[in-house]
Amino acid sequence: HAIFRDPDTPTSVYQELWQTIKRKKMWHGTIKNRKKDGSMFFTDVTISPLVDFEGNVEKYVAIRHDITNLVEAKERLKQQSRTDALTGIGNRVKLVRDIEK
């Protein structure tokens, strides 16, 4: 994962990932990555260690799914609940939430 690593992803995420799989446990999470052209993408990742009959880790298997569209859609929905899409000004939902606070 270091090849695509995004600098915004905290080092603690990768430390936890390695600590988990070195304990022979499966790790699952979402990681923000960078393409060669510098654009970002998000992946849903599951990494599982494969162990031999003696319990030693032989290798790791990773399954990744690109969830960039899902993450971007969630962010758009969040933004639309705060501001008017046309004007960019806070909308009624934002006003009500601000009043509640």
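The values are calculated or read from the model by the stated rules, or taken from the named source; none is laboratory data. All values reported here derive from a predicted model rather than from experimental measurement. A quick note on method: Cβ atoms are made from the backbone with ideal geometry, for glycine too, and the neighbour counts reach across all protein chains shown.
The figures follow:
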read-out: Qualifying residue in the range 69-83 (condition: in contact with a strand residue (DSSP E or B) (Cβ under 8 Å, 6 or more places away or on another chain) and modelled with pLDDT under 90); value: yes
read-out: Considering residues of the range 59-101 that are among the aliphatic types (A, V, I, L, M) and more than 24 Å from His28 (Cα to Cα) only, the residue nearest to the chain's Cα centre (by Cα); value: Leu77
read-out: So Thr20, is it under 12 Å from the mean Cα position of the chain (by Cα) and not small (Gly, Ala, Ser); value: no
read-out: Residues being modelled with pLDDT of 90 or more and farther than 21 Å from Leu70 by Cα - total across the range 32-46; value: 0
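Results for (1) in contact (Cβ under 8 Å) with a residue 12 or more places away in the chain; (2) among the β-branched types (Val, Ile, Thr), shown as yes or no for each residue.
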residue	(1), (2)
Arg34	yes, no
Asp44	yes, no
Glu54	no, no
Tyr60	yes, no
Thr68	yes, yes
